[in-house]
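Everything below concerns the one structure shown next.
The values are calculated or read from the model by the stated rules, or taken from the named source; none is laboratory data. Owing to the predicted nature of the structure, the values given are computational and were not obtained by experimental measurement. Note that each Cβ is placed from the backbone with ideal geometry, even for glycine, and that neighbours are counted across all protein chains shown. To get the accessible areas, we keep the full protein, side chains included, count just its heavy atoms, and leave off ligands, DNA and RNA. Shrake-Rupley method; radii C 1.70, N 1.55, O 1.52, S 1.80 Å.
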Number of protein chains: 2
Amino acid sequence: MSSDPRETHRGPSSQGSRIDPYVDAYAARAQGMVASEVRALFAVASRPEVVSLAGGMPNVSALPTDDIGEIVRRVVTEQGPTALQYGSAQGDPLLRERICEVMELEGIDAVADDVIVTVGSQQALDLVTRVFVDPGDVVLAEAPTYVTAINTFAAYQARVEHVAMDDEGVIPEALEERLGRLRSAGQRVKFFYTVPTFHNPAGVTLSPQRRVRVMEICRRFGLLVLEDNPYGLLRYEGEPVRALRADSPDNVIYLGSFSKTLSPGFRIGWALAPAAVRDKLVLAAESAMLSHSSFNQLVVGRYLAEYPWQEQIKDFNEMYRRRRDAMLGALEALMPEGVTWTRPQGGFFVWVTLPEGIDSKSMLPRAVGERVAYVPGTGFFAGDDGHRNMRLSFCYPDPDQIREGVRRLVGVIKGEITLRDTFGSASARPGHGTDAPAPDLP
Amino acid sequence: MSSDPRETHRGPSSQGSRIDPYVDAYAARAQGMVASEVRALFAVASRPEVVSLAGGMPNVSALPTDDIGEIVRRVVTEQGPTALQYGSAQGDPLLRERICEVMELEGIDAVADDVIVTVGSQQALDLVTRVFVDPGDVVLAEAPTYVTAINTFAAYQARVEHVAMDDEGVIPEALEERLGRLRSAGQRVKFFYTVPTFHNPAGVTLSPQRRVRVMEICRRFGLLVLEDNPYGLLRYEGEPVRALRADSPDNVIYLGSFSKTLSPGFRIGWALAPAAVRDKLVLAAESAMLSHSSFNQLVVGRYLAEYPWQEQIKDFNEMYRRRRDAMLGALEALMPEGVTWTRPQGGFFVWVTLPEGIDSKSMLPRAVGERVAYVPGTGFFAGDDGHRNMRLSFCYPDPDQIREGVRRLVGVIKGEITLRDTFGSASARPGHGTDAPAPDLP
């Protein structure tokens, strides 16, 4: 799933006190649509003097803009009547063929007819939820999980239940236990949403052994799996793993994206789904937007056909590997005892766990004051959890900035530890989870 | 609202008999997502020998592709880091400024901060419905109304109630009566969806006198108006009218689009909404797609800044006027007595009413057999209505094709009238509305 550069936490709206004449007219689902309490903070964090380890923006400055400029020009001059016209809700057939070739790299054997092109994989997530989720239905997700997925599930009034993870990804026994308990309680569980490879935010990858086990459990429970894989091709070490969809074509909906391997600026993602589900997704897409941009689809199709895109991904991986190494090296060298973190083999994120008594959300204003930003862990849980966690991204700043950012962050954490040791608790933890007031800016 | 070139009718899915293992897992709203029964027919209708008066595709071949090719190239080479990166869910600020300038042409005084950029105005329609409509809520719409709006309302399980129109647009007394009755019955009416200018499919325009009256009624009932205005600038005769939003900033959500005045290929539409509603729409957009394409937004912004776009619209209008005149002239010259139609001053569509006993839907296969296609009227009603109507578009075929298309259509209609006069009814009318089986192809 695409990672919103302005990823934010769910919480009460700062506009809540505004007089809104429509307040009684909104749909029930709109109650879950609330502005982020840390949005204002991220505006501050985007100042140039702040090292942001918060955003999930790919480093598009590495793209060959002259070549892409020529591709977009030729799409208009050579394919104008198609590029500038409406397309089908399912998406351009040739692009869907190319998408199947991309998926082959992770072991997926698919036909273009089962692919639907979407506005980033975020829209695919929205459409899948629209097709499956009634208010009150349960969606399973890893603990933690992708923040905007939580928002999407909330927009359809789903109840998100988390399943525990460790360094090998989601824990099969935890999944089985949770599923059994929910089924016994008569709950309608609609699907298991998972980012099995280079998880956002946890940075871990589901091991091959566990992939078999997880799919076996889901098959036994007749549960659909929603596999979100925006980072799979961004591997910096280790052996490639097969997508869950590769060995389970019948009960996996697979979501892919060009936002990280090419550019988020074209908003081209996709879903690969069993035929009956694909039919529903196409109809849902039609009522959601009629059709995606023909122009953007032809641009990405042409890029894949004419440009050595696999070489471009290798270049990206070389760059991101250096950034990951800078972050892991700095964490190793500088972090005080009691702080732990994951060691991603790919993707964009490291998940940090702070010592007992340190709260990442209430620490954030202080960190921004010290010119470093991160995303507190609480945003990645539907309930009240993640207070001791933070997500650090290494995708956007360069290695020197990353090292400096970690250095600043370590200073803040050490200060918090000193405070905790002096006063019993560090930053006052203001309430819990989404009820917490917006942190004050420094 | 954008007009889907493949506009279709709601009806039972031709895939209904397929074995679908997920049939029990879908959300209740997915029951309303059904494939069109005439979709197969439109595939036939797209053959080159068929004159299609069915689609709502703008004539993009009139666009200056060399100039646009140069604009898109320069957006990538000169603004790459922005164009190829994520943007905000509300949309590019400079484009939103330009959009305010476009709306000024119809009397709207707005600030960029109240505009949200969407994937065509279709997505704006989806997001507004998402924010306001609970299952069972009532949405008012003209009779007939835009077909994909009906689909969108259905996807959110709204109940669409139609309000009668005549050649001057919606009838204020009918609106007032309907509103009063619904309120008395304790119904939650969420908004009045209207295409006041160059209506799709009816081709009529709400008169200035009625605009005042309609807004007065809606204000009195505290009803929000959803003004969908994709065609407003495509006027071929008569005086410009002020948008409803121009004089009612507080209770109108205005939807606009560049799909007809530039190109549908970029999928740039927008909503202008009161601030509290806009906040909700931005949050809904974020969970629906994170953000729109930065690239496309910069392209359209640059086109508006650098290209004489108002001259381009004048050229479009000259071309479309000739096509409209060709259609109205041919209808006048050839149609048998008892057939009536509207006379649009702009937009893309003429709404035809057939004599008693002639059914436009069951006649369609015969028309396609005679190499002419149209959209039967039934698709533009939520209930069982429109059997004697058809929508003819003059936007896409050239004047000679239009005249030939009308000539063929007249032959078919005359044949139906002869059949009716001989056997009492023309084409067997197969059941009613959405329960009708798919028509056989010739």
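Of note:
- Taking the range B:172-195 as the range and being within 30 Å of B:Trp341 (Cβ to Cβ) and open to solvent by less than 40 Å² (accessible area, probe 1.4 Å) as the test, the residues that pass are B:Pro172, B:Ala174, B:Leu175, B:Leu179, B:Phe191, B:Phe192, B:Tyr193, B:Thr194, B:Val195.
Let's see how each residue does on (1) part of a loop (DSSP other than H, G, I, E, B); (2) open to solvent by 10 Å² or more (accessible area, probe 1.4 Å); (3) assigned by the TED database to the domain that holds A:Asn229; (4) among the charged types (D, E, K, R):
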site	(1), (2), (3), (4)
A:Ile68	no, no, no, no
A:Val72	no, no, no, no
A:Val75	no, no, no, no
A:Met103	no, no, yes, no
A:Ala110	yes, yes, yes, no
A:Ser121	no, no, yes, no
A:Ala124	no, no, yes, no
A:Asp134	yes, yes, yes, yes
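- Tallying residues that are open to solvent by less than 10 Å² (accessible area, probe 1.4 Å) and within 26 Å of B:Thr152 (Cα to Cα) within the range B:84-101 yields 3.
- The range A:299-345 - residue that is among the hydroxyl-bearing types (Ser, Thr, Tyr) and under 30 Å from A:Gln79 (Cβ atoms) and, of those, least open to solvent (accessible area, probe 1.4 Å): A:Tyr303
- Any hit, the range B:407-428, residues being modelled with pLDDT under 95 and over 20 Å from B:Pro336 (Cα atoms): yes
- Figure legend. Inter-residue proximity from the range A:190-207: first residues among the small types (Gly, Ala, Ser), second residues open to solvent by 10 Å² or more (accessible area, probe 1.4 Å), beta-carbon distance below 7 Å, spacing 6+ or different chains. Indicated pairs: A:Ala202/A:Met165; A:Ala202/A:Thr342; A:Ala202/A:Trp351; A:Gly203/A:Thr342; A:Gly203/A:Trp351; A:Ser207/A:Glu168.
- Flag for B:Gly338 being outside any helix (DSSP H, G or I), modelled with pLDDT of 95 or more, touching a Gly at 6+ places or on another chain (Cβ under 9 Å) and at positive phi: no
- Residue satisfying all of: in the range B:99-140; more than 15 Å from the chain's Cα centre (by Cα) and among the small types (Gly, Ala, Ser); nearest to the other protein chains (Cβ to nearest Cβ) among these: B:Gly136
- Enumeration of residues in the range A:235-289 that are in contact with a Phe, Trp or Tyr (Cβ under 8 Å, 6 or more places away or on another chain) and of a type in the set (Phe, Trp, Tyr): A:Tyr236, A:Phe258, A:Phe266
- In the range A:294-330, residue nearest to the other protein chains (Cβ to nearest Cβ) [restricted to those that are touching a strand residue (DSSP E or B) at 6+ places or on another chain (Cβ under 8 Å) and without any contact (Cβ under 8 Å) to a residue 60 or more places away in the chain]: A:Asn296
- Meets criteria (in contact with a strand residue (DSSP E or B) (Cβ under 8 Å, 6 or more places away or on another chain) and part of a helix (DSSP H, G or I)) for A:Val214: yes
- The condition of being under 26 Å from B:Thr118 (Cβ atoms) and within 8 Å of chain B (Cβ to nearest Cβ) holds for only one of A:Ser291, A:Ser257, that being A:Ser291.
- Any hit, the range A:183-203, residues being more than 12 Å from chain B (Cβ to nearest Cβ) and in a helix (DSSP H, G or I): yes
- Among residues of the range B:260-280 being surrounded by 24 or more Cβ atoms within 10 Å (Cβ to Cβ) and more than 8 Å from chain A (Cβ to nearest Cβ), the one that is nearest to B:Asp66 (Cα to Cα) is B:Leu262.
- Among residues of the range B:141-181, those that are aliphatic (A, V, I, L, M), touching a residue at least 12 places away in the same chain (Cβ under 8 Å) and either within 14 Å of another protein chain (Cβ to nearest Cβ) or in a helix (DSSP H, G or I) (or both), counted: 9
- Residue, most open to solvent (accessible area, probe 1.4 Å), within the range A:213-236, restricted to residues that are aliphatic (A, V, I, L, M) and closer than 28 Å to A:Gly120 by Cα: A:Leu233
- Taken across the range A:383-392, residues that are part of a loop (DSSP other than H, G, I, E, B), basic (Lys, Arg), open to solvent by 30 Å² or more (accessible area, probe 1.4 Å) and under 27 Å from A:Pro230 (Cβ atoms) do occur, with at least one present.
- Looking across the range B:82-97 at every residue that is in a helix (DSSP H, G or I) and among the aliphatic types (A, V, I, L, M), the one that is farthest from the other protein chains (Cβ to nearest Cβ) is identified as B:Leu94.
- Whichever residue in the range A:45-61 is among the small types (Gly, Ala, Ser) and more than 10 Å from every other protein chain (Cβ to nearest Cβ) and, among such residues, is surrounded by the fewest Cβ atoms within 10 Å (Cβ to Cβ): A:Ser46
- Residue match in the range B:358-371 (condition: touching a residue at least 24 places away in the same chain (Cβ under 8 Å) and over 30 Å from B:Val34 (Cα atoms)): no
- The single condition among (1) open to solvent by less than 10 Å² (accessible area, probe 1.4 Å); (2) closer than 25 Å to B:Ile99 by Cβ that B:Val147 does not satisfy is (2).
- Scan of the range A:232-275 for residues that are among the polar types (S, T, N, Q) and part of a loop (DSSP other than H, G, I, E, B), ordered by number: A:Ser248, A:Asn251, A:Ser259, A:Thr261, A:Ser263
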